[in-house]
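A short worksheet on the structure shown next.
What follows is calculated from the coordinates using simple rules that are stated; it is not laboratory data. Remember, it's a predicted structure, so these values are computed and weren't measured experimentally.
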Amino acid sequence: MNRIKEVLDDKGIKQVWLAEKLGKSYNMVNSYVQNRRQPSLEVLYQIAKLLNVDVKDLIISK
């Protein structure tokens, strides 16, 4: 499980923006957000950098 959706919501960032920055399709990012698919560690680190959070904030439930 990941917390990408929560972090996006907290920061007011849209999935479309994240998809563009990652060079991924909206459907791929949406599958990460909905926990249907888990991003690779490399992509998870890219997401953390783009969202300006520690990677732990994306994977540890608060």
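Here the chain yields Rg over Rh of 0.90, to two decimals, using C-alpha coordinates and the Kirkwood radius. Kindly provide the helix-only [θ] at 222 nm of the chain, computed as the sum of -39,500 (n - 2.57) over DSSP H runs of four or more divided by all residues, to the nearest 500 deg cm²/dmol? Rounded to the nearest 500, the figure is -16500 deg cm²/dmol.
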